[in-house]
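This report concerns only the one structure given below.
The values are calculated or read from the model by the stated rules, or taken from the named source; none is laboratory data. Note that the structure is a prediction, hence the values are computed from the model and not measured. Please note: Cβ atoms are built from the backbone with ideal geometry, for glycine as well, and neighbour counts cover all protein chains shown.
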Amino acid sequence: MSENLTATTDVDWTILVELDKKHFLHPTSSIKEQQKEGPALIFTEGNGIYLKDTDGKEYIDGLSSLWNVNIGHGREELGKVSMEQISKLGFSSTFATFSHEPAIRLAAKIAEITPEGLNTTFFTSGGSESNDTAFKLVRHYWKLRGKPEKKKIVSRRKSYHGVAMGATSATGLKPFRDFTTSLAPDFYYVDSNLEEFKAFIQKEGAETIAAFISEPIQGTGGVHLPPQDYFKEIKAICEQYNILFIADEVITGFGRTGTYFGVEQFGIVPDLMSVAKGITSGYAALGGVIISSKIHNDLIELSDGLFMHGYTYSGHPTACAIALKNIEIIEREGLVNNSKVMGEEMLDGFKWLQQEHEIIGEVRGLGLMGAIEIVKDKKTNERFNEPFAPKIVSESLKRGLIHRGVVYEGADTLIFAPPLIIDKYGINKMINILNEAIGTVNRECS
Ligand code: PLP
């Protein structure tokens with residue numbers, strides 16, 4: 001097999017397919033499928049809401065790739081800013097209080113756009129690292145406050161918090177935990193039910209619980225929205241029992257739900273907030289944990305040595321420069337508001353589909369995060385024995401729309417999160433493709 005591995009022109013894709021099979025272990029993928037079929041698609045370009053594959057076929061990126069490409073693909077401004085930053089200062093450390101301009105400016109910008117009271121950021125390279133940092137940080141915090149036994153982390157069933165050891169242990173979706181054998185200790189799960197949370201606190205004792213973590217809207221679990229007052233009540237319980245509240249805004253941050261951050265939809269301010277994804281719109285690997293002034297001030301007062309936690313790429317200068325430009329674009333183009341307006345348009349489209357197809361049950365969404373439930377019987381919500389979602393996803397793909405199907409734990413759900421730049425035309429195109437895909441699967445499989 002001959003292929004110049006560093007060449008970027010005149011590519012022989014059949015050779016690359018073989019190289020992929022042999023050398024590339026893909027995340028969250030079927031290894032058997034990869035060996036049989038090769039990579040499902042190889043993308044070569046992105047522009048706006050579209051991705052292009054090796055055949056030149058265009059697809060609407062209906063999940064913003066991994067809920068992250070908020071400003072859309074092909075932004076030359078970000079190419080320019082990365083080139084300038086790499087040429088000026090490609091990397092320098094932020095350990096031992098060394099610093100640099102992009103990280104300082106970004107930390108200050110984050111303090112400006114996050115809810116009042118969240119003012120200080122610890123940088124990471126992504127969402128899993130952000131959550132692992134948050135878990136270690138809350139335990140460290142209680143230790144400094146003389147309560148080392150306050151260490152349990154409580155999360156919600158169906159939640160997804162990432163795949164690092166702490167993040168996996170907090171993830172409520174069981175298949176992610178079952179991937180490995182032993183997990184981190186002191187992680188617990190409750191249903192999205194206030195009484196269960198209260199009962200858990202009574203049983204375990206508030207003096208053993210460090211923090212509660214939740215996504216404002218559960219993403220990977222199937223775009224589940226909480227009841228409007230759920231978080232206000234959860235926050236009140238946390239305050240009553242001195243339990244810190246961590247909002248996992250890895251998906252919902254940076255405009256996804258139609259407000260800058262998901263918690264704003266529910267009128268609460270968390271003690272800590274994990275972010276990643278939309279902070280750079282995926283143009284560089286960056287995440288962060290933003291902490292309240294209260295926690296920061298307590299850390300300043302009580303710290304008795306070094307802060308023994310840090311990643312090589314905490315505050316990577318190029319990633320920070322990209323994040324700053326990304327935020328500038330979000331603001332300049334009014335993308336938070338566009339997410340709200342186009343989100344309503346998308347939900348109206350889902351409601352139209354619901355009338356057209358007897359196999360659509362509940363439809364829901366907030367901003368540009370949405371879901372369609374597939375059911376055998378609308379009245380009883382009975383599911384099909386074999387989920388339809390994967391078949392619909394594959395029919396959509398044939399017609400040029402990428403989205404995801406959720407089948408964990410008995411679900412049969414289609415989920416969507418297109419780039420925040422989408423317009424009415426893009427939404428209509430998505431809905432038309434879905435209409436055909438759902439109709440085809442229903443005709444062939446019911
Ligand atoms: N938290 C949430 C809510 C997520 O959706 C994800 C990723 O999808 C993560 C954490 C993990 O982020 P990463 O994949 O960047 O580690």
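Here S29 meets each of (1) within 16 Å of the ligand (Cβ to nearest atom); (2) touching a Pro at 6+ places or on another chain (Cβ under 8 Å) with one exception, condition (2).
In region 162-212, the qualifying residues are those that are under 24 Å from V406 (Cβ atoms) and small (G, A, S), and the one that is nearest to the chain's Cα centre (by Cα) is G162.
Restricting attention to region 140-158 and to residues that are under 24 Å from the mean Cα position of the chain (by Cα) and within 17 Å of L272 (Cα to Cα), the residue that is farthest from the ligand (Cβ to nearest atom) turns out to be K152. The sole residue among R177, R139 that is assigned to a helix (DSSP H, G or I), surrounded by fewer than 23 Cβ atoms within 10 Å (Cβ to Cβ) and in contact with a Ser or Thr (Cβ under 9 Å, 6 or more places away or on another chain) is R177. For region 365-421, residues that are within 15 Å of the chain's Cα centre (by Cα) and farther than 20 Å from P226 by Cα total 5. Taking F24 as the residue in question, decide whether it is free of Cβ contacts under 8 Å to residues at least 40 places away in the same chain, aromatic (F, W, Y) and either touching a helix residue (DSSP H, G or I) at 6+ places or on another chain (Cβ under 9 Å) or under 17 Å from N326 (Cβ atoms) (or both). Taking the combined requirement at face value, the residue satisfies it. Number of residues in region 377-397 that are part of a helix (DSSP H, G or I), touching a residue at least 24 places away in the same chain (Cβ under 8 Å) and not β-branched (V, I, T) equals 5. Among the residues of region 287-314, just one is of a type in the set (G, A, S), away from the ligand (no atom under 12 Å from the Cβ) and in a strand (DSSP E or B), namely S292. If you go through region 36-57 and keep only what is touching a Gly at 6+ places or on another chain (Cβ under 9 Å), assigned to a loop (DSSP other than H, G, I, E, B) and surrounded by 15 or more Cβ atoms within 10 Å (Cβ to Cβ), you end up with just I49.
The single condition among (1) over 18 Å from H316 (Cβ atoms); (2) away from the ligand (no atom under 16 Å from the Cβ); (3) surrounded by 16 or more Cβ atoms within 10 Å (Cβ to Cβ) that E77 does not meet is (3).
So, in region 245-286, of the ones that are on the phi < 0 side of the Ramachandran plot and assigned to a helix (DSSP H, G or I), which residue ends up surrounded by the fewest Cβ atoms within 10 Å (Cβ to Cβ)? Ranking the qualifying residues of region 245-286, first place goes to E264.
Here Y241 clears all of (1) among the hydroxyl-bearing types (S, T, Y); (2) free of Cβ contacts under 8 Å to residues at least 60 places away in the same chain; (3) within 14 Å of the ligand (Cβ to nearest atom) except the condition numbered (3). In region 274-285, the residues that are closer than 18 Å to T120 by Cα form Cβ pairs under 6 Å with partners that are of a type in the set (D, E, K, R) and part of a loop (DSSP other than H, G, I, E, B), at six or more places apart or across chains, as follows: V275/E249. Checked against the criteria, T318 counts as in contact with a helix residue (DSSP H, G or I) (Cβ under 9 Å, 6 or more places away or on another chain), away from the ligand (no atom under 16 Å from the Cβ) and at pLDDT 95 or above. The residues on offer are T168, T120, T133, and the sole one that is within 16 Å of the ligand (Cβ to nearest atom), β-branched (V, I, T) and closer than 17 Å to G310 by Cβ is T133.
Just one of the listed residues (S182, S93) is more than 16 Å from the ligand (Cβ to nearest atom), in a loop (DSSP other than H, G, I, E, B), under 30 Å from H316 (Cα atoms) and small (G, A, S), namely S93.
If the condition is being under 12 Å from G62 (Cα atoms), touching a residue at least 60 places away in the same chain (Cβ under 8 Å) and not in a loop (DSSP other than H, G, I, E, B), then region 402-427 contributes I402, R404, I415, F416, G426, I427. Being surrounded by fewer than 14 Cβ atoms within 10 Å (Cβ to Cβ) and acidic (D, E) holds for only one residue in E358, E344, E373, E333, and it is E358.
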